[in-house]
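The values are calculated or read from the model by the stated rules, or taken from the named source; none is laboratory data. Keep in mind that what you see is a predicted model, and the values were worked out from it rather than measured. Counting neighbours? That spans all protein chains shown, and the Cβs are built from the backbone with ideal geometry, glycine included.
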Amino acid sequence: MPSRPGAARDMLLCLAWVVLIFVFMYYGRALAPWFQGPRAIYAMWALALCGLAFLAWLGLRLARLPAGRRGKAALGVLACSLGLALLAWWQPLLIERTHLMLYGILGMLAWRAAGHFSRGALRLILAGVFCALVGWGDEVAQYYHPQRVFDWRDVITNAASAWLALAAVWFLRPRAGF
């Protein structure tokens, strides 16, 4: 186990988020009424606020970069944000858009945790592969759940959400290069 400051906290946060994802997998059907009919407006606003908070966080991180790096980083962050918007549009149901939030946050937590083991591109790859495996495991667990189904669209959405959030964080890292 790494002994750097904050390592245990970052590992614990990442693990807790994975547990939360699997709890949502198990109890997801109980949340379904909040994503349908008149009550769906609350879920829509909650997801919109999460998206806006993510964009605000990206903007604040972008403003902290040295002036010489802001232009390229802004283009990368814009591409990642547009990718997430396209991914949200691709989802047929409002409840499916929660995958973007769940796995985007997992991507950022995995990035922090992987930073205690590696640097550069290896950090990005480790975090991305971890998130993709968690997303795939979530869908495999749903295959065995009597009220859920395995869906390849969700596997792709889970991995893509995490990878796009990771790419945005990658563009915003303090020092350029590997």
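Key figures for this structure:
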item	result
Top-ranked residue in the stretch 145-178 [being within 16 Å of the chain's Cα centre (by Cα) and among the polar types (S, T, N, Q); ranked as nearest to G71 (Cα to Cα)]	S161
Hey, A162 among the small types (G, A, S) and more than 21 Å from W89 (Cα to Cα) or not	no
Qualifying residue in the stretch 78-90 (condition: surrounded by 11 or more Cβ atoms within 10 Å (Cβ to Cβ), in contact with a Cys (Cβ under 8 Å, 6 or more places away or on another chain) and modelled with pLDDT of 90 or more)	no
Given (1) farther than 16 Å from G83 by Cα; (2) surrounded by fewer than 17 Cβ atoms within 10 Å (Cβ to Cβ), index of the condition Q142 fails	(2)
Residues being of a type in the set (V, I, T) and free of Cβ contacts under 8 Å to residues at least 40 places away in the same chain - total across the stretch 150-169	2
Per-region count, the stretch 7-41, residues surrounded by fewer than 13 Cβ atoms within 10 Å (Cβ to Cβ), more than 27 Å from H145 (Cα to Cα) and over 20 Å from the mean Cα position of the chain (by Cα)	2
Scope the stretch 26-39; condition aliphatic (A, V, I, L, M) and free of Cβ contacts under 8 Å to residues at least 12 places away in the same chain; matching residues	A30
Enumeration of residues in the stretch 52-81 that are among the charged types (D, E, K, R) and closer than 18 Å to I105 by Cα	R61
Criterion (buried (at least 16 other Cβ atoms within 10 Å of the Cβ), among the hydrophobic types (A, V, I, L, M, F, W, C), at pLDDT below 95 and under 18 Å from the mean Cα position of the chain (by Cα)) met by exactly one of L106, L55, L47	L47
